[in-house]
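The structure appears right after this line, and notes come after that.
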Number of protein chains: 2
Amino acid sequence: MKYGIAIFPSKNIQDEANSFRKRYDPHYALIPPHITLKEAFHVEENELKDMVTELKQIANETKPFTININKVSTFAPVTNTIYFKVEPVPALMDLQKKLQEGTLTNNLTHSFVPHITIGQQLMDDEYSDVFGTLKMSKFTFEDTIDRFQLLYQLENESWTVYETFVFGKEFI
Amino acid sequence: MKYGIAIFPSKNIQDEANSFRKRYDPHYALIPPHITLKEAFHVEENELKDMVTELKQIANETKPFTININKVSTFAPVTNTIYFKVEPVPALMDLQKKLQEGTLTNNLTHSFVPHITIGQQLMDDEYSDVFGTLKMSKFTFEDTIDRFQLLYQLENESWTVYETFVFGKEFI
């Protein structure tokens with residue numbers, strides 16, 4: 001089955017992200033606003049239990065940390081993705097790195113740029129309009145992250161949470 | 001904030017449910033297919049921690065159990081909701097009951113009929129057509145339930161998982 005690992009930011013950040021995603025992100029209905037920590041990867045049924053144990057260990061080694069969002073940025077010209085840029089604090093970068101190590105597949109295809117997508121797959125004209133407006137706007141959010149989530153993908157490409165891993169609170 | 005408690009059945013059941021929800025359920029994009037254990041209820045920020053502890057206790061007292069789905073049923077004439085009927089095994093009924101007790105609000109408005117909605121808010125004619133066809137079809141699913149999820153609702157009425165509670169595995 002196909003799994004992924006993500007952080008869901010607080011409701012106020014999700015609500016703000018959704019106000020844009022609703023219009024500009026075709027994935028709006030597939031998953032709530034999130035920071036992807038590990039892109040989709042395959043796990044066999046019989047490997048799931050060991051992976052969950054490993055994720056619990058990683059969660060227990062991690063302390064809650066603060067994230068800050070100060071602006072909207074873009075992956076253009078690679079893709080017309082617009083996102084809330086999440087400042088790359090060491091705790092977040094370390095966590096993402098650990099999720100590519102040990103028995104966990106390293107399925108990184110590019111360097112990790114923490115972000116919350118608010119628009120993607122836009123036509124060039126619309127992209128320019130939207131990004132042009134948003135980059136002038138002020139976005140300031142602070143949030144405390146104390147957990148990540150393991151999700152699996154359904155046939156319609158939506159994601160369901162399989163398990164939550166709360167930092168320092170997992171029973172192994 | 002508004003919270004709810006649900007069970008997500010296995011991917012194969014969710015995929016089958018979504019094949020109908022896509023056409024017949026306006027909530028298709030708001031939450032994956034689920035069994036509602038506790039309808040939406042309000043929790044203040046400062047009460048959340050205690051509630052999570054209580055939910056962990058309930059999860060630790062619960063043993064994994066099997067559920068069976070053998071047919072499609074309906075809440076008509078009360079509402080035109082069509083659902084996979086989940087057989088009301090004692091373990092499931094007990095779990096649902098515990099989630100209305102102690103410090104957890106009892107927000108039950110009617111007796112608990114375990115189900116996975118596959119269609120709702122249909123016009124009468126469409127309802128009759130769809131239910132007429134589905135009640136003749138054979139649906140047989142068995143699943144092992146070993147967890148429930150606490151979710152919160154966003155402004156767009158979609159739901160995000162806050163935490164997973166795995167039976168017998170929670171650290172209090």
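The values are calculated or read from the model by the stated rules, or taken from the named source; none is laboratory data. Predicted, not measured: the structure shown is a model, and the values here were computed from it. All Cβ positions, glycine included, derive from the backbone under ideal geometry; neighbour counts span all protein chains shown. Each accessible area value is taken on the protein alone, full model and side chains, heavy atoms only, with ligands, DNA and RNA left out. Shrake-Rupley method; radii C 1.70, N 1.55, O 1.52, S 1.80 Å.
When a/c is below 1.5 the answer is rounded, else prolate if a/b is larger than b/c, else oblate, so apply that to chain A with a ≥ b ≥ c taken from the square roots of the Cα gyration tensor eigenvalues. Since a/c reaches 1.5 and a/b is larger than b/c, the shape of chain A is classed as prolate. Using DSSP to call loops (not H, G, I, E or B), can you name the GluC sites (Glu not before Pro) in segment A:42-85 whose Cβ has at most 12 other Cβ atoms within 10 angstrom? When the GluC sites (Glu not before Pro) of segment A:42-85 are filtered for loop state and at most 12 Cβ neighbours within 10 Å, A:Glu44 remain. The accessible-area ordering, largest first, of the residues A:Asp94, B:Asp146 stands as A:Asp94, B:Asp146, per a 1.4 angstrom probe. On the beta carbon distance between A:Phe75 and B:Glu155, with R0 = 41 Å, the FRET formula returns roughly 0.95. Sites listed here are trypsin sites (Lys or Arg not before Pro) in segment A:135-167 whose DSSP assignment is loop and whose Cβ has at most 14 other Cβ atoms within 10 Å: A:Lys135, A:Lys138.
Note on A:Lys138: lysines with a C-alpha under 21 Å away, same-chain residues under 8 apart excluded, are A:Lys11, A:Lys22, A:Lys71, A:Lys85.
3J(HN,Hα) along segment B:88-105, derived from phi through the Karplus expression 6.51 cos²θ - 1.76 cosθ + 1.60 where θ = phi - 60°, amounts to x, 5, x, 4, 5, 5, 5, 4, 4, 5, 4, 7, 10, 10, x, 7, 7, 3 Hz, with x in place of Gly and Pro. Across the options B:Leu150, B:Tyr162, B:Phe139, the greatest Cα extent toward the positive end of the charge dipole of segment B:131-171 (unit charges at beta carbon of Lys, Arg, Asp, Glu) belongs to B:Phe139. For A:Asn60, the distances from its label point to the matching points in the remaining copies are 1.5 nm, ordered from shortest, with each point set 7 Å beyond Cα toward Cβ. Potential lengthening of the chain between B:Glu61 and B:Val113 amounts to 16.5 nm, from the contour at 0.36 nm per residue minus the alpha-carbon distance. Roughly to the nearest percent, how much of the accessible area of segment B:63-171 is carbon and sulfur, given a 1.4 Å probe? For segment B:63-171, the apolar C and S fraction of the accessible surface comes to 53 percent.
Measuring only protein heavy atoms, the 1.4 Å probe finds A:His110 accessible over about 120 Å².
A 1.4 Å probe run over the protein chains yields, for the protein assembly as shown, 49 Å² of accessible area per residue, whole-number rounding.
A cut-off under 13 angstrom between Cβ atoms defines the neighbours of A:Ala40, and their net charge, with Lys, Arg +1 and Asp, Glu -1, is 0.
Using only Cα atoms, tell me the angle between helix B:48-61 and the longest principal axis of chain B; keep it within 0 to 90° and round to the nearest 10. Result, in degrees: 70.
The same position B:Glu142 in the other copies lies at 5.5 nm from this copy, comparing label points 7 Å beyond Cα toward the beta-carbon, shortest first. Over the residues of the protein assembly as shown, the helix contribution to mean residue ellipticity at 222 nm works out to -8500 deg cm²/dmol, using -39500 (n - 2.57) for each DSSP H run of at least 4. Calculate I(q)/I(0) for the protein assembly as shown by the Debye formula, one identical point scatterer on each C-alpha and no solvent, and give its log10 at q = 0.12 Å⁻¹ to two decimals. The calculated log intensity ratios at q = 0.12 Å⁻¹ are -0.93. In segment B:131-168, burial by the other protein chains removes 30 Å² or more of 1.4 Å probe accessible surface, compared with the chain on its own, from B:Arg147, B:Tyr152, B:Leu154, B:Glu155, B:Asn156, B:Thr160, B:Val161, B:Tyr162, B:Glu163, B:Thr164.
Taking a straight line from the alpha carbon of A:Lys49, these aspartates and glutamates sit under 15 Å away, with near neighbours fewer than eight places off in the same chain left out: A:Glu163, A:Glu170, B:Asp146. Taking a Cβ cut-off of under 14 Å around B:Val72, the surrounding Lys, Arg, Asp and Glu residues balance to a net charge of +1, with basic ones at +1 and acidic ones at -1.
Among the trypsin sites (Lys or Arg not before Pro) in segment A:24-126, none is located in a DSSP loop while being surrounded by at most 13 other Cβ atoms within 10 Å of its own Cβ. Taking all protein chains together and rolling a 1.4 Å probe, B:Met136 ends up with roughly 150 Å² accessible.
Summed over both chains, the accessible area lost when A and B associate is about 2300 Å², using a 1.4 Å probe. Cα to Cα, under 18 Å, and not fewer than 8 places away if on the same chain: which lysines meet these conditions relative to A:Lys56? Reachable lysines: A:Lys38, A:Lys97, A:Lys98, A:Lys169, B:Lys56, B:Lys169.
Placing +1 on the Cβ of every Lys and Arg and -1 on the Cβ of every Asp and Glu, with nothing else charged, gives chain A a dipole about its Cα centre of roughly 480 debye. Computed with a 1.4 Å probe on the full set of protein chains, the accessible area for B:Phe75 sits at about 60 Å².
Neighbours of A:Gln57 by Cβ distance under 10 Å: Lys/Arg scored +1, Asp/Glu scored -1, total -1.
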